[in-house]
Amino acid sequence: MKKDSFIDLYKKILAPPETVYQKEFIFSGCSYGDVFELASGLKKTLSERGKEKVLCLCTTDKAVVAASILASLAGGCKLVLPYSFSANVIKEMYDATGFDCAVTDYPKEIPDGVEIITPRPAAGENIGRELMRNPDEPFLRLFTGGSTGKPKVWSKSPRNLLAEAFYLKKEFALSDKDIFVATVPPYHIYGLLFSVLVPFVSQGRVLRNIFTFPQEIISAINNHNASVLISVPIHYRALKVDNLSVPSLDSAFSSAGALDRADGLYFYEKTGLGITEIYGSTETGGIAYRSNKEQTDRWKVFDVVSWKLNGSRLSVKSDFVSCEMERDEKGFCMTGDEARKDEENSFVLLGRADGIVKVAGKRVDLLDVENKIKTLPGVSDALVVAMPTDKGRKNVIAAVVACDMTESSLKKLLTDLLESYAVPRQIKIVSSIARTTTGKIDRRRIEKLFSYKKE
């Protein structure tokens, strides 16, 4: 996106035409004007506290999330977005950032000393284009890889987030006529973009709730004539039901993991609508997309993203990439994925190269899990691997642990130590971990310990 074009669009976010304020943002709920008043009130409240505060967003309320982003874009605060609202995760976020305040649906999980802010509307003079934050100044921090140990922090500038939202709106022809239904929360980067920012820049409407069960997803779409579904592979699998009929839908998106081809084909056969998969990450932003109706492994790169291969490692360059990403002399950042070039501006993914896997849409660092297990009393050694299931398109975490505990005792300790999705599903207790004659772990022998288990 050209620099001048982005700045013009950025200004319109903070000072849209008067007609926008009367439009609904939350379906049968608050208007765009209400969101701006909430943003103005939030900025006023935070300004009364003195120096710029760091505000933690522990809420799934899309209007409050949008208002908080507007307040931050207008210089009212900086933002922290946890990847989960559990007490352990929020404590991790607090230790990493020392946030001052929080807007929250979960007050019991907020650390002592953090002020809980309740957004209240105020006149809109606190929000405007003359107050807008430097477009390249980080204002939002997100976290990933928090299965164990210290979470990874990724900053986003207004250009990072808004340029991507503007691009997605244009690329997929989303407009003020659209009604968005989401099955993912706005604290995931995919949910933040597609269920808050993209609807906002499109001036569309979004349903307030987050729908996860198949019948409530179908009912939400049909009862509101929704046109855009924002979902993830696990929910498309759940939608393999006989009564799947959603005639009002024009677009269906999926991200946060590979969509199973059979699940996507079922959705296409029942609805006539191909699911658009988005490939990217929190740190890189969106990179490429494909439609499952084409039945292809090929990913088409967004035309605003430059890419290349370093050997087999995929590297990218775009306005969407977080500042923490290491760049080469030409500005390219290496991802954790391996790929091969395909025809035209496209590639085929070959798998991860960095020991990070996705389980139920959550990123898990296998080495972090392994190191955490080794800290337990009585554990002398451990190895954590990802075992393929469902024809290799999903992963189950498995662990071999040299210790004197029972499997049930170890699992209980791990449940207290790890987020639920990071706890190894399969565990083998051994006296020692098999190694080759050169002292390296014998992974072939380790993998033979686990029988293939289809989910």
(request) Could you tell me whether LEU314 is in the same structural domain as PHE25 (by TED's automatic domain parsing), surrounded by fewer than 18 Cβ atoms within 10 Å (Cβ to Cβ) and either outside any helix (DSSP H, G or I) or hydrophobic (A, V, I, L, M, F, W, C) (or both)? (result) no
(request) Pick out, from segment 1-61, the helices (runs of 4 or more DSSP H) lying fully within it that include 3 or more residues that are of a type outside the set (Phe, Trp, Tyr), over 24 Å from the mean Cα position of the chain (by Cα) and modelled with pLDDT under 90. (result) 3-14
(request) Could you give me the residue pairs with C-beta distances under 7 Å whose first residue belongs to segment 367-378 and is modelled with pLDDT under 85, whose second residue is β-branched (Val, Ile, Thr) wherever it lies, and which are 6+ apart or on separate chains? (result) ASP368/THR148
(request) Return the total of residues in segment 10-50 being touching a residue at least 40 places away in the same chain (Cβ under 8 Å) and over 21 Å from LYS62 (Cα atoms). (result) 3
(request) Among residues belonging to segment 291-304 that are among the charged types (D, E, K, R) and within 15 Å of LYS341 (Cβ to Cβ), point out the one that is nearest to the chain's Cα centre (by Cα). (result) LYS300
(request) Identify, from the list VAL196, VAL206, the residue that is among the aliphatic types (A, V, I, L, M) and assigned to a helix (DSSP H, G or I). (result) VAL196
(request) Within segment 167-193, track down each residue that is of a type in the set (Phe, Trp, Tyr), part of a helix (DSSP H, G or I) and at pLDDT 95 or above. (result) TYR167
(message) Test of understanding: among GLU109, GLU48, GLU92, which residue is assigned by TED's automatic domain parsing to the domain that holds CYS323 and more than 30 Å from VAL423 (Cβ to Cβ)?
(response) GLU48
(request) Scan segment 102-128 residue by residue and report those that are crowded, with 20+ Cβ neighbours inside 10 Å and assigned to a strand (DSSP E or B). (result) ALA102, VAL103, THR104
(request) Tell me, please, whether a residue that is within 30 Å of TYR21 (Cα to Cα) and surrounded by fewer than 15 Cβ atoms within 10 Å (Cβ to Cβ) can be found in segment 137-149. (result) yes
(request) Being polar (S, T, N, Q), buried (at least 20 other Cβ atoms within 10 Å of the Cβ) and without any contact (Cβ under 8 Å) to a residue 40 or more places away in the chain narrows it down to one of SER245, SER254, so name that one. (result) SER254
(message) Looking at ILE230, ILE218, ILE234 in this structure, which one is outside any helix (DSSP H, G or I) and surrounded by 16 or more Cβ atoms within 10 Å (Cβ to Cβ)?
(response) ILE230
(request) Mind counting the residues in segment 302-311 that are surrounded by fewer than 20 Cβ atoms within 10 Å (Cβ to Cβ) and closer than 22 Å to PHE6 by Cα? (result) 3
(request) Mind listing whichever residues of segment 308-322 are over 20 Å from TYR190 (Cβ atoms) and touching a strand residue (DSSP E or B) at 6+ places or on another chain (Cβ under 8 Å)? (result) LYS308, LEU309, ASN310, SER312, ARG313, SER315, LYS317
(message) Against the condition within 20 Å of PHE320 (Cα to Cα) and of a type outside the set (A, V, I, L, M), how does ASP95 come out, does it pass?
(response) no
(message) Quick check on segment 258-269. Is at least one of its residues small (Gly, Ala, Ser) and closer than 19 Å to PRO199 by Cα?
(response) no
(request) Name the residue, out of GLY331, GLY272, that is more than 27 Å from ILE230 (Cβ to Cβ) and among the small types (Gly, Ala, Ser). (result) GLY331
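The values are calculated or read from the model by the stated rules, or taken from the named source; none is laboratory data. Quick caveat: nothing in here was measured; it's all calculated off a predicted structure. Backbone-built Cβ (ideal geometry, glycine too); neighbour counts: all protein chains shown.
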